[in-house]
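Q: Dropping the structure in here first, questions after.
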Amino acid sequence: LISRRGNYIQTALLVETTLSMTNNDNSIPLVDLTTAQKIRFDSEEDKAAFGINRCYRDLYKKQIYKLKQNDANFCLLSVSEILSEDICDRIGLCLWRNSHIKNITLTSCGLCEEKMEKLFSRIVDQHEQNESNDYLKKHDILEKILNVGDTSLTGHVMCYLALTPFTKLFHVDLSGNFVGTDGLAVLFKAIAGAPVEELRLNSCLLEDLSPLIIGARKLKELKLLSLNDNRLYSTAGNAQALSVLFDGGYPRLQQLFLGDCNINSELIETSAPSLLSNKTLWHCHMFNNLIGDRGVEALSKAICDWTSFEKIITSNHTLRKILVGGDWITSVSEKKLQRLSMINFYPGLSPAIRKQQINKAACLKLFTLLSDHDDIDPSMFLYYDIGIVPLIFSKLLNMQQCPLLTKELLTAFYKILKCKVFQKKLSQAKKLQINRDALRKEEEETRMKNEQLEADNAALSEENRRLKEQIASLMAQNSTDSKANYLEAEQNVGSIAERVKTRAKRRKRGRK
């Protein structure tokens, strides 16, 4: 009859009503709610682990017993006392057999690598056995056949295939423990495939986030990841892990907390370009790090790379709230980053609305950058469809007679965008650009043809020279042969004449 919310007023009224009823009617027994009930342990192992002091006995009575009985109404395991290895082993056994737990909160419990093994070793062994039996492949096939994003349905499939006992687990908080990198690897192996949406690992002595790279394939439902107050050194593993967090390796990650994590500018410069492919992250907390102005500039470039309008469009447009304050950052670079991030929009929009928001955010970012710098040459934007816009910006910004405020500048800009004259000029600029591209292409083709003709002419000249040399040699050879033939012919003619004379003489003698 006592309310589950623990309303002490209702409990007091209930006790008072019971006492009054007992005074009026002796047939109703009096229940003494103030007497401590004796705790009964299910096994000697439980008694040895939890029977040490009153704190552990209360923990067993209020939470562990229900967890062990797989009570469907018990969904939250919340402990903030120092746990021994024996208690961790007993809790791990209960977690392995439980299928209704939704929230695991073990803060400041003195958990280390050995205790993490005690808590999750059975579940890790089950995962390894399932992977060896190709259960995960079966689950992927079933997901593709079902082709639905329903988390509850996925949980039923996981439960049917016995992949993980955490089919309903959505919140894990192990802050204030000595988890370390090895303990983090054990945790990610244990909760692999679970529909975890929030994971908090603040002050857990994490130095290497390499297990996050493997976890990206296992925790597809993760929306919030908190890693505040850890010491992340500038290593290749941390750089790759931050890149996975930034580039959408966790496909539904929306909030990322990396405050006071010793992140330097080198890590940010390496991982910040990965934000270009992120479409879900909208809140990133990196306060009190060693990012510096170089890191802030890298983040600003990821949000708005204004070397061309095309790069502005392909920048990150969802990281709306980013905190990078600290002693190593100047106020100018921080304000610039804040102004650019506030232009971004929240994720989760339809494709049509998203395209409109991207174009709007790109124009606003370009306007913000042009308003911050008065000496920008807008010629680098003139090769794009929106090439006329910087000229209008420069006209508005250089108006000496009537200085306008930012809001009025935006109003004037949108009025110009909507007017037919501007649209006509924009289409003319686009046609002119198309004509320029065609002319440039034609000139390139003509140049290539001329080069080909020059090459052909050079080849013909070389062939002509070779033929001339061949003809000259043939003529020289023919002249030598002709002289010999002439002499031979003369000799033949002389011999023939002598024969004719001899025959003529013979004929005369015969006649005589």
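The values are calculated or read from the model by the stated rules, or taken from the named source; none is laboratory data. It should be emphasised that the depicted structure is a prediction, and the values quoted were computed from it without experimental measurement. Cβ sites come from the backbone with ideal geometry, for glycine too, and all protein chains shown count toward neighbours. Side chains are part of the model used for accessible areas, which takes the heavy atoms of the whole protein and leaves out ligands, DNA and RNA. Shrake-Rupley method; radii C 1.70, N 1.55, O 1.52, S 1.80 Å.
Q: Quick one: net charge around Ser226, please, counting Lys, Arg +1 and Asp, Glu -1 for every other residue with C-beta under 10 Å from its C-beta. Walk me through the numbers on the way to the answer.
A: On the way: positive: Arg200; negative: Asp173, Glu198, Asp229.
Taking every other residue near Ser226 into account, the sum is -2.
Q: Hey, what D do you get for segment 250-293 in µm²/s if you plug the Kirkwood alpha-carbon radius into Stokes-Einstein at 10 °C and 1.306 mPa s?
A: The diffusion coefficient I find is 141 µm²/s.
Q: Rounded, prolate or oblate: pick one for segment 453-512, where a ≥ b ≥ c are the square roots of the eigenvalues of its C-alpha gyration tensor, a/c under 1.5 means rounded, and failing that, prolate if a/b is larger than b/c, else oblate. Don't jump to the answer; show the numbers that get you there.
A: Details: a/c = 15.74, a/b = 6.25, b/c = 2.52.
Judged from the Cα gyration tensor, segment 453-512 comes out prolate (a/c at least 1.5, a/b above b/c).
Q: Using only the alpha-carbon atoms, what does segment 207-312 span along each of its principal axes? Please give whole angstrom values in decreasing order.
A: Here the spans come out as 37, 28, 22 Å, largest first.
Q: Something else about it: Could you work out how much longer the chain between Glu198 and Lys102 gets when fully extended? Use 0.36 nm per residue separation minus the Cα distance between them, nm to one decimal.
A: Numbers: separation 96, 0.36 × 96 = 34.56 nm, distance 1.10 nm.
Extra length available between Glu198 and Lys102 comes to 33.5 nm.
Q: What is the percent carbon and sulfur in the accessible area of segment 223-279, measuring with a 1.4 Å probe over the protein chains and ignoring ligands?
A: Values: 940 of 2010 Å².
Whole-percent figure for carbon plus sulfur exposure: 47.
Q: I'd like the FRET efficiency for Lys311 and Arg447, computed as 1/(1 + (r/R0)^6) with the beta carbon distance as r and R0 of 30 Å, rounded to 0.05. Let's see the in-between values first.
A: Details: r = 30 Å, r/R0 = 0.98.
Efficiency, rounded to the nearest 0.05: 0.50.
Q: A further question follows. Could you order Arg122, Arg506 so the one with the most accessible surface comes first? Probe is 1.4 Å. Each step should come with its number before you reach the end.
A: On the way: Arg122 65, Arg506 165 Å².
Listed by decreasing accessible area, they come as Arg506, Arg122.
Q: What is the sum of charges, Lys and Arg at +1 and Asp and Glu at -1, for the other residues whose Cβ falls under 9 Å from the Cβ of Thr105?
A: Details: positive: Arg200; negative: Asp173.
For residues surrounding Thr105, the net value is 0.
Q: Taking a ≥ b ≥ c as the square roots of the eigenvalues of the Cα gyration tensor of segment 33-110, is the shape rounded (a/c under 1.5), prolate (a/b larger than b/c) or oblate?
A: Working: a/c = 1.38, a/b = 1.18, b/c = 1.17.
Taking the square roots of the gyration eigenvalues as a ≥ b ≥ c, segment 33-110 is rounded.
Q: While we're on this one: If we count every other residue with Cβ under 12 angstrom of Arg354's Cβ, Lys/Arg +1 and Asp/Glu -1, where does the sum land? Mind dumping the intermediate values first?
A: Numbers: positive: Lys279, Lys355, Lys360; negative: none.
The answer is +3.
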